[in-house]
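Participant: Dropping a structure here in structure tokens format, bear with me for questions.
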Amino acid sequence: MPLALLALAVSAFGIGTTEFVMMGLLPNVADDLGTSVPTAGHLVSAYAIGVVVGAPLLTALGSRIPRKRMLLLLMALFVVGNLASALAPGFGWLIAGRVLAGLPHGAFFGVGAVVAARLVADGRQARAVATMFLGLTVANIIGVPAATLLGQSLGWRATFLVVTVIGLVAMAALARLVPYVPVEAHQSLGREMRALGNRQVLLGLLTAVFGFAGVFAVYSYLASMTTEVMGFGESSVTLVLALFGIGMTLGALAAGPLTDRALRPTLYGSLAALALVLVAFRFTMHIQWAALTTVVVLGAVGFMTTTPLQMLVMNKAKDAPTLASASNHSAFNLANAGGAWLGGTAIAAGWGWTSPTLVGAVLAVVGLAIAATAGLLDRTDGTGRTEKGASRVVAGSPRTADQQVSASSPASGS
């Protein structure tokens, strides 16, 4: 794999750390700022709203900017947002900082996924995208638990200062390792918007909204479930979050080759498994060893949905995949916001700390139904014949793209 994928993975590590660490810090932030845990859960939704708004907006504004320069600009905005969060004087300002930090998220992964797919040969594009996403999963094994422990020890502000430093390191890696990748001559905002209107792209985005919301309905409150239901102390929250991250990594490693081989079956299987595991978690949560095992499996099946959904919208958008790819992260973060809100609503209604598991299972089943409907429509349209595997034409022929990229050294300008 090209070293440029390492730079993308480092960036994903920083983004994943700031996105997911708030789940582990909700009790600490709530205590420090004098609010309840469900109310503090709005900080999860605030970041997600930033992603939802920023993904299409920043992608559109940067549609003619060379890919490397765009990645650097987005990571600079990420640094500013996290610094603002660290220095926030109150809850309202922290909400604003989280929105600002979320703005570049979707656009970065949208552009990054297209760049990753262009760096490798046909037949390995899903693996390349999954490699970038490994940064997110490693963040949940190392970054989030470490940042949570840091926040519990030195205060949550210290966590966001460290994430700011990670963002600066990521910028240096992008500047050094990512080659010059030009904007395609045929690309335009109008072409991207038309690609986004493809029915299969829209159904893929809708699948992400509902299916992935099932993960966040539970994950957003996993720290509180650890102490309130599983019976562990606060110090064990980092272990539980790390186990979830290990599961995410296993899911990401499996999703790449499975998606390259059979895209839709991988998507159907992961969503069905997600629904079943969420139902099981309601019962295993009361048995410590079973709860920890289920957390790993939940992370694995939840994250296995991301790569097939990402490749699906990129394939269906054909030669204008950037906006569709970025919008997929808007969909994931609508899922983030919606899942956190619905899970918090169930808890606030007095249904108990285990209630988000059933909320999540219902959402996963709805996502599976949408995905199955899209697959049926694809077959009846006669367009599904190109989906035996995931690696298809993305922003031009992979061979041509490789030639374009290899023409410049990693030190080339952006």
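The values are calculated or read from the model by the stated rules, or taken from the named source; none is laboratory data. Please read all numbers here as calculations on a predicted model, not as lab measurements. Because the Cβ atoms are built from the backbone with ideal geometry, glycine has one as well, and the counts that use them run over all protein chains shown. Ligands, DNA and RNA are stripped out before the accessible areas are found, and what is left, the full protein with its side chains, is counted by its heavy atoms. Shrake-Rupley method; radii C 1.70, N 1.55, O 1.52, S 1.80 Å.
Participant: So the check is Cβ under 7 Å with 6+ separation or different chains; which pairs have a first residue in region 342-368 that's among the aromatic types (Phe, Trp, Tyr) and a second one that's open to solvent by 50 Å² or more (accessible area, probe 1.4 Å)?
Facilitator: These pairs meet every condition: Trp353/Glu228.
Participant: Turning to a different aspect of this structure: Of (1) open to solvent by less than 10 Å² (accessible area, probe 1.4 Å); (2) in a helix (DSSP H, G or I), Ala88 satisfies all except one. Which?
Facilitator: Just one mismatch for Ala88, condition (2).
Participant: Please specify each residue of region 192-247 satisfying the condition of being at pLDDT below 85, within 17 Å of Phe303 (Cα to Cα) and aliphatic (A, V, I, L, M).
Facilitator: Correct list: Leu241, Ala242.
Participant: Now for a different question. Residues in region 26-64 that are among the polar types (S, T, N, Q), touching a residue at least 60 places away in the same chain (Cβ under 8 Å) and either open to solvent by less than 10 Å² (accessible area, probe 1.4 Å) or outside any loop (DSSP other than H, G, I, E, B) (or both): how many? Walk me through how you get there before you give the answer.
Facilitator: We begin by selecting, within region 26-64, every residue among the polar types (S, T, N, Q); these are 28, 35-36, 39, 45, 59, 63.
Next cut, touching a residue at least 60 places away in the same chain (Cβ under 8 Å) only: 28, 45, 59, 63.
This time we only want the ones that are either open to solvent by less than 10 Å² (accessible area, probe 1.4 Å) or outside any loop (DSSP other than H, G, I, E, B) (or both), so: 28, 45, 59.
Count: 3.
Participant: If you check Val10 against the conditions, is it open to solvent by 10 Å² or more (accessible area, probe 1.4 Å), farther than 26 Å from Gly344 by Cα and part of a helix (DSSP H, G or I)?
Facilitator: On the way: open to solvent by 10 Å² or more (accessible area, probe 1.4 Å): yes; farther than 26 Å from Gly344 by Cα: yes; part of a helix (DSSP H, G or I): yes.
Taking the combined requirement at face value, the residue satisfies it.
Participant: Could you give me the residue pairs with C-beta distances under 7 Å whose first residue belongs to region 258-283 and is over 25 Å from Leu358 (Cα atoms), whose second residue is among the β-branched types (Val, Ile, Thr) wherever it lies, and which are 6+ apart or on separate chains?
Facilitator: Leu258/Thr266; Thr259/Thr266; Thr259/Thr307
Participant: Would you be able to say whether some residue in region 25-32 is farther than 20 Å from Thr148 by Cβ, more than 19 Å from the chain's Cα centre (by Cα) and of a type in the set (Gly, Ala, Ser)? Before the answer, list the steps.
Facilitator: Taking region 25-32 as the starting set, the residues that turn out to be farther than 20 Å from Thr148 by Cβ are none.
No, there is no match, as no residue in region 25-32 is farther than 20 Å from Thr148 by Cβ, more than 19 Å from the chain's Cα centre (by Cα) and of a type in the set (Gly, Ala, Ser).
Participant: Sticking with this one: Residues Val80, Val129: which one is out of contact with any strand residue (DSSP E or B) (no Cβ under 8 Å at 6 or more places or on another chain), open to solvent by 10 Å² or more (accessible area, probe 1.4 Å) and of a type in the set (A, V, I, L, M)?
Facilitator: Numbers: Val129 fails: open to solvent by 10 Å² or more (accessible area, probe 1.4 Å).
Answer to the selection: Val80.
Participant: Let me ask something else about it. Can you name every residue in region 245-287 that is in a helix (DSSP H, G or I), open to solvent by less than 10 Å² (accessible area, probe 1.4 Å) and over 22 Å from Thr207 (Cβ atoms)?
Facilitator: Matches in region 245-287: Gly245 only.
Participant: Quick one: count up the residues across region 64-80 that are within 28 Å of Asn28 (Cβ to Cβ) and at pLDDT below 95.
Facilitator: 0
Participant: Also: Would you point out the residue of region 178-191, among those that are outside any helix (DSSP H, G or I) and surrounded by 15 or more Cβ atoms within 10 Å (Cβ to Cβ), that is modelled with the lowest pLDDT? Spell out the reasoning first.
Facilitator: From region 178-191, those outside any helix (DSSP H, G or I) are 178-188; that's our starting set.
With surrounded by 15 or more Cβ atoms within 10 Å (Cβ to Cβ) added as a condition, the list becomes 178-181, 183-184, 187.
Numbers: Val178: 87, Pro179: 85, Tyr180: 77, Val181: 70, Val183: 66, Glu184: 62, Gln187: 58.
So the residue we want is Gln187.
For every residue, the table says whether it meets (1) surrounded by fewer than 19 Cβ atoms within 10 Å (Cβ to Cβ); (2) of a type in the set (A, V, I, L, M, F, W, C); (3) at pLDDT below 90; (4) assigned to a helix (DSSP H, G or I).
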position	(1), (2), (3), (4)
Ala291	no, yes, no, yes
Val295	no, yes, no, yes
Leu309	no, yes, yes, yes
Asn315	no, no, yes, yes
Ala324	no, yes, yes, yes
Ser330	no, no, yes, yes
Gly338	no, no, yes, yes
Ala364	no, yes, no, yes
Asp378	no, no, yes, yes
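Participant: Moving on to the next point. Filtering region 157-177 down to residues that are under 28 Å from Ala223 (Cα atoms) and more than 22 Å from the chain's Cα centre (by Cα), which residue is most open to solvent (accessible area, probe 1.4 Å)?
Facilitator: Here the residue is Arg157.
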